[in-house]
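Working notes, beginning with the structure itself.
The values are calculated or read from the model by the stated rules, or taken from the named source; none is laboratory data. Everything numeric here is computed off the predicted structure, so don't read it as measured data.
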Amino acid sequence: MSKIYHHYSDFNNSYAQDIEQVLGMLSKITSCSVGEIKPHLDALLNRLNQEKDDSASASFYETSTHEEWSAEFQAWVDSHKSRDIPVLSDEAMSRESIYPDRF
């Protein structure tokens, strides 16, 4: 039995009453039968649990190499090129404009 399935099975057993109530409410709201809704709810809960498990695993900064960091940073920089953001003038970038009370 896979880890994901086992985790989902535990979750499903722990919240069986709550899930039944949600199924009943969704059935009432959508005018669909519980049998029609259950596969969709199961898939949603499974996906949400998987996302939670994925986010709990080691983060990028803990596991990435210098090259991976550089590539991700460059991708982030490139993602802003299409936003048509104006470039700051030399005056706006000067130390004097950043710290006006020091000069």
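Among Ser59, Ser70, which is modelled with pLDDT under 85, of a type in the set (Gly, Ala, Ser) and over 30 Å from Leu23 (Cα atoms)?
Values: Ser70 fails: modelled with pLDDT under 85.
Matching residue, one of Ser59, Ser70: Ser59.
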Which members of segment 79-96 meet the condition of being among the polar types (S, T, N, Q) and modelled with pLDDT of 85 or more? Ser79, Ser89, Ser94
